[in-house]
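Below you'll find the structure, written out as structure tokens, and then a few comments.
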Amino acid sequence: MSGKKSTTDQNFFMKLIRKQIFIPIAALLILILFNLIADPSFFKIYFGNNSNGDPVLKGNLITILDNASELVILAIGMTLVTASSGGQDISVGAAIALSGSVVLRVLCGTEARPETMHAPIIVAFLICCIVAMLFGAFNGVLVAYFKLQPMVATLILFTAGRSIAAWINNNQLPIISDPSFGYFGNFFPGIPIPSPVFIAVICMIITALVLRFTKLGLFTQAVGINSESSRLNGLNPQFIKFITYVILGLCVAVSGFIKVSRLSTINYSVIAKDIEMDAILAVALGGNALSGGKFNMASSILGAYVIQFLTITLYKFDVPSSALPAYKAVVVIVLVVLSAPVVREKLGSLKKNLASGKTEKEAH
Amino acid sequence: MKTRKKLTDSNLLLVITISVFLVMYLGAVLFLGGGFTKPQSFCNILNENAALIIISCGMSLVMITGGIDISVGAVTSLVCMCCAVNLDFKGGNVFTSILIALGIGTLFGLIQGFLIAYLDVQPFIVTLAGMFFARGMTTIVNSTQFNVENEEFQALKNARILLPGIGSYNKKGTFIPAYVEIGVVVALLTVLILFVFLKWFKLGRGFYAIGGNSQSANMLGINVKRTKFFAYLICGILAGIGGFVYFMHAGSGSPSHASGAEMNAIASSIIGGTMLTGGSGNIIGTLFGVLSLSTIKNIVSSLGLDDAWWTNITVAAMICLFIVIQSVVLSGKNKSHH
């Protein structure tokens, strides 16, 4: 009879493990614990002066929140795309270069170093949104209506995106001298928290509202699980797949805008390099099946923060940025192996065996 | 009727690929002339892309089973760097370098294959991690580019196989025979062996079966997990061989070697008629995919648009064209079935 308590304990534990958000939370906890043991000053937050002389918050945690913003915004779109089409968009990095290039083209005109901006920032942002959504729509049409594998369809933009970005600005690297453009990627005067954090939070709130008050989440999951049966139930799977790619385009526009605003300029071949891999990793780390179907947006977002946390932790230990991927890969493999269904089943049965062995002993 | 039926499968895509390549190359010879008329320029395409051909063959195998391996480019780079360090700093010889190349490739293939086939992890994630790991390890082994000066290796690198009777006359009227490097022989042998393997061997046919429908393959008595495992293992070994061939051509180790080779390999496979959905594809097509890809690059640069940007845009347009052809062919096939 003493076995009863242990089984409820075990049930609770199993429930926690089965929860999808458990994977990113566990990863985050491990990272936090590791940093606490290695160097508690990692978590210190203090006031420092930024380049304009304003007092702003500084510290590793702030850097993580700040730098993860683009990734978080991308992860939102990538989760939807993954859920609906069962594939990933590998062109987001190139599309960020493209949308950033559009912003600079609108603001600078054809001059490389204009004294004043040629258009209000909001106009540039809106045009960049439209362009990025058009490119998202291009991917969407290929995936939804031509029924291509998402990776193949987005391979086109992946190859051409950065070239088109350079072509938009005649291969020049325009620089914007107006400080007000840099506010969106750095700090608004008087606010000590980096503005990308706010933009990311706004995007999260909008996503939460959209998922709460529209049927987008339900429909994308239905299409992802079984596109044919969702069609028989009166949905339009093609249109839903298409719309998720357009939404990803919007996310790309926002991240591209933040990226160029950070530096007030652009480097076509380096900007947002490999970010598509990080965005896909965020989705996978969040425990979402990359083959589509059910998704958990909060997990993906947390996954994006975990990746940035890992990056900053590695920087902290003087890992050169070019060697960073090797360490990242080890972490990814460990996480992926632990969350593999086969391994989880094995672990679960091992736990059960241990528990049953224990109860038998107690019964004796 | 019978020939029509034979053509509806991947053979049709193969015919399209080969004819597009021929049209493109003949067009270049007729309208651009210049370098394209010399046999050596064709041999140079082979020389430069021998490694890519080998890597693409591995990629095609994996794509036929319905998976993907994006680590191949990074493995190539790692192999180059390790071989270069072994030859220049560690005093190794060519033989140990070949062993190192094969060892690295096999190791990546074994681990990735095990994770994908037996632990059911998604191929994209596993090989993504493999790519990250290999790229990072390359810079950890050595972070700068350097040329290898080992004499034995230089002899191997500069070894040329002259093609008898083929060549061109230079301005003085002397005959210069065309040549290929050793890597080309390795690449063509790889293509031949894999072609036979895919066509007439049980394991090779198994790749098509599990790519088409892994459940029915299982019911037919094919060991799906083992077959999948071997696909990734072979792809890893080919990446190792490809790495050494790349090293023989480049003669240096550098972290930026073969960057983007995985995407070129995927593009070549797609152009060659291999479907990412699995179950269909052809190694000969992959060979022509690589050739088409580099021919169009050469055409673009000889048109005077000598800009990396333009090359990328044309390559993307070409992938787009082939994808559309594939989807049209597929939808036509599906219609005729119903």
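Here r is the Cβ-Cβ distance between A:F42 and B:E151 and R0 is 41 Å; the resulting FRET efficiency, rounded to 0.05, is 0.20. Modelled spin labels at B:E48 and A:L126, positioned 7 Å past Cα toward Cβ, are 4.6 nm from each other.
The chymotrypsin sites (Phe, Trp or Tyr not before Pro) of region B:198-292 that meet both conditions, a loop assignment by DSSP and at most 14 other Cβ atoms within 10 Å of the site Cβ, are B:F201. If I model region A:229-351 as equal point scatterers sitting on the Cα atoms and use the Debye formula, what is log10 I(q)/I(0) at q = 0.11, 0.22 Å⁻¹? Calculated log10 I(q)/I(0) at the listed q: -0.55, -1.38. How fast does chain A diffuse by Stokes-Einstein, in µm²/s, taking the Kirkwood radius from C-alpha pairs at 37 °C and 0.692 mPa s? Using the Kirkwood radius from Cα pairs, D works out to 148 µm²/s. Counted residue by residue at 0.36 nm each, then reduced by the alpha carbon distance between them, the extension gain from A:K351 to A:E228 reaches 40.3 nm.
Backbone amide hydrogens, once placed in the peptide plane, bring B:G253 within less than 5 Å of B:F146, B:V148, excluding anything fewer than 5 places away on its chain. Ranked for footprinting exposure by Cβ neighbours inside 10 Å, fewest first, B:T106, A:T110, B:T65 give A:T110, B:T106, B:T65.
Arranged from fewest to most other beta-carbon atoms within 10 Å of their beta carbon, B:T144, A:T207, B:T76 become B:T144, A:T207, B:T76.
Expressed in Å, the radius of gyration and Dmax of the Cα atoms of the protein assembly as shown are 26.8, 101. For A:V56, the residues whose amide H sits under 5 Å from its own are A:G48, A:N49, A:N50, ignoring neighbours fewer than 5 places away on the same chain, with H placed 1.01 Å from N.
Counting neighbouring beta carbons within 10 Å and listing from fewest to most, the residues A:K259, A:K241, A:K273 come out as A:K273, A:K259, A:K241. Sequentially through region B:234-248, phi angles give Karplus couplings (6.51, -1.76, 1.60; θ = phi - 60°) of 5, 4, x, 4, 5, 5, x, 4, x, x, 5, 5, 4, 4, 5 Hz, Gly and Pro residues having no value and appearing as x.
Annotation for B:N223 and A:N171: the two label points, set 7 Å from Cα along the Cα-Cβ direction, are 5.6 nm apart.
For peptide A:157-166, what's the mean number of Cβ atoms from other chains within 10 Å of each residue's Cβ?
6
Once you reduce region B:124-147 and region A:308-328 to the center of their Cα atoms, the two points are 14 Å from each other. When each of the peptides A:70-82, A:38-50, A:298-310 is scored by how many other beta carbons lie within 10 Å of its residues on average, the order from highest to lowest is A:70-82, A:298-310, A:38-50.
Working note: Cα gyration tensor of region B:20-333, eigenvalues times five, square-rooted, sorted largest first, giving semi-axes of 31, 26, 17 Å.
Neighbouring Cβ atoms from other chains, within 10 Å of the Cβ of residues in B:310-317, number 5 on average. Once amide H atoms are placed 1.01 Å from N in the peptide plane, what residues at a sequence separation of 5 or more from B:L163, or on another chain, have their amide H within under 5 Å of its amide H? Hits under the 5 Å cutoff: B:A178, B:Y179, B:V180.
Among the GluC sites (Glu not before Pro) within region B:139-193, those in coil by DSSP and having at most 15 neighbouring Cβ atoms inside 10 Å are B:E149.
Computed from the C-beta positions of A:L218 and A:L338, the FRET efficiency with R₀ = 25 Å rounds to 0.25.
Expressed as a fraction of 2.2 N^0.38 Å, the C-alpha radius of gyration for region B:1-112 is 1.49. In the structure shown, the pairs A:K352/B:K202; A:K241/B:K202; A:K58/A:K328; A:K147/B:K297 are assessed against 30 Å; a Cα-Cα span above that value is assigned to A:K352/B:K202; A:K241/B:K202.
Other residues whose C-beta falls under 14 angstrom from the C-beta of A:N226 contribute a net charge of +2, scoring Lys and Arg +1 and Asp and Glu -1.
No lab work stands behind these numbers, since they all come straight from the coordinates. In this text, all values refer to a predicted model and were calculated from it rather than measured experimentally. In this analysis, Cβ positions are derived from the backbone assuming ideal geometry, glycine residues included, and neighbour counts consider all displayed protein chains.
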